[in-house]
Amino acid sequence: MRIPSAPRFPSAVGRVLRSARLLLRSSRCCALAFASVATFADPTRAGVCATTTLDAVVGQTCTIGDKTFEFTGFSNPFPFLGLPASVITFTPDGSDPANPGFALSSSQFTQTGEPADQVESLSFAVTAGAGQLISGDTVKMHGASIVGAGNTTEVLASLSTGDPSQFAQAGLTFACNLVTGCTLGPEQDGGAAFVPPVTSRDMNLSLEIIGASAHSGTASFDSAEVHFSQVPVPEPASVALLATGLVAIGRRRAGTKRSGSSHHR
């Protein structure tokens, strides 16, 4: 027995249905393409950094102002002396759009007696916003104090990039030697310039309380903060002008050399 074939639509109806299916497929493709472009172009997709404990930030990427921060790791070179990330508060600071950054604070940034060493290290990458370049960094400590120390003691915040010329350090030092005795220096801020400015930079922030073997006092600080300055990306006209100037200098030097060689003849 022959099974009857499914009824066929009139050609006009079939064309309408085929057109509808094509239109539906096109709309889906356009929607997916639009979603992909929107996701790629949205600079806030990483999320805005929020005040939280440092352990919630490590391994995350977020924005402060127009800059993007990727926090890649936290370590204690001396785990039995350093603090865990869970007791350190991370606070973003975007109050100055041209100089955003963040602060780390804890009531446990303190050491009394020996051993006096306490070290924490945060690794991160910072990337400039659209049309900007990172031109430098600053690092500051707040509430640094050294009381009753019997030997050299330091409370330091160090910001490094792997390039010695871009090392920045802030803090307080109680220095002792056999000649002058012991003196407490002023609390100092640090900073470094990036020459030339960069679009992105890998950074390491180290927080340290370091005491000599005879340390007997209390060393502490409330918080440390870092900020990153910026400059606009040079306009094409400026770059062309610079290139023209370099070419002119090169030609002048070449002319000077030729003139000198002709005199020697």
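The values are calculated or read from the model by the stated rules, or taken from the named source; none is laboratory data. Everything numeric here is computed off the predicted structure, so don't read it as measured data. Ideal geometry is used to build each Cβ from the backbone, glycine not excepted, and the neighbour counts take in all protein chains shown.
Within the stretch 102-119, count every residue that is under 23 Å from the mean Cα position of the chain (by Cα) and either at pLDDT below 95 or part of a loop (DSSP other than H, G, I, E, B) (or both).
If we filter the stretch 102-119 for residues that are under 23 Å from the mean Cα position of the chain (by Cα), which is where we start, we get 102-106, 109, 119.
Those still in the list that are either at pLDDT below 95 or part of a loop (DSSP other than H, G, I, E, B) (or both) too: 106, 109, 119.
Total satisfying the criteria: 3.
For the stretch 152-174, what are the residues that are exposed (fewer than 15 other Cβ atoms within 10 Å of the Cβ) and within 25 Å of Ser105 (Cα to Cα)?
Residues satisfying the conditions are Gly162, Phe167.
When the residues of the stretch 46-96 are narrowed to those that are outside any strand (DSSP E or B) and charged (D, E, K, R), which ends up farthest from Val198 (Cα to Cα)?
Initial filter on the stretch 46-96 (outside any strand (DSSP E or B)): 46-47, 49-51, 54-60, 65-66, 76-88, 94-96.
Imposing the further condition that a residue be charged (D, E, K, R) reduces the set to 55, 66, 96.
Values: Asp55: 28, Asp66: 15, Asp96: 20 Å.
The selected residue is Asp55.
Out of Val87, Val139, Val147, I need the residue that is in contact (Cβ under 8 Å) with a residue 12 or more places away in the chain, among the β-branched types (Val, Ile, Thr) and either surrounded by 17 or more Cβ atoms within 10 Å (Cβ to Cβ) or closer than 24 Å to Pro232 by Cα (or both). Which one? Full working, then the answer.
Values: Val87 fails: either surrounded by 17 or more Cβ atoms within 10 Å (Cβ to Cβ) or closer than 24 Å to Pro232 by Cα (or both); Val147 fails: either surrounded by 17 or more Cβ atoms within 10 Å (Cβ to Cβ) or closer than 24 Å to Pro232 by Cα (or both).
So the residue among Val87, Val139, Val147 that is in contact (Cβ under 8 Å) with a residue 12 or more places away in the chain, among the β-branched types (Val, Ile, Thr) and either surrounded by 17 or more Cβ atoms within 10 Å (Cβ to Cβ) or closer than 24 Å to Pro232 by Cα (or both) is Val139.
So, in the stretch 188-206, how many residues would count as being of a type in the set (S, T, N, Q) and either more than 10 Å from the chain's Cα centre (by Cα) or modelled with pLDDT under 95 (or both)?
Qualifying residue count, the stretch 188-206: 3.
Out of (1) closer than 24 Å to Ser223 by Cβ; (2) buried (at least 17 other Cβ atoms within 10 Å of the Cβ); (3) of a type in the set (S, T, N, Q), the odd one out for Gln132 is which?
(1)
Which of (1) part of a strand (DSSP E or B); (2) modelled with pLDDT of 95 or more; (3) not small (Gly, Ala, Ser) is the odd one out, the single condition Asn99 does not satisfy?
That leaves (1) as the condition not met.
Would you call Pro234 under 30 Å from Gly150 (Cα atoms) and either part of a strand (DSSP E or B) or modelled with pLDDT of 85 or more (or both)?
Criteria not met by Pro234.
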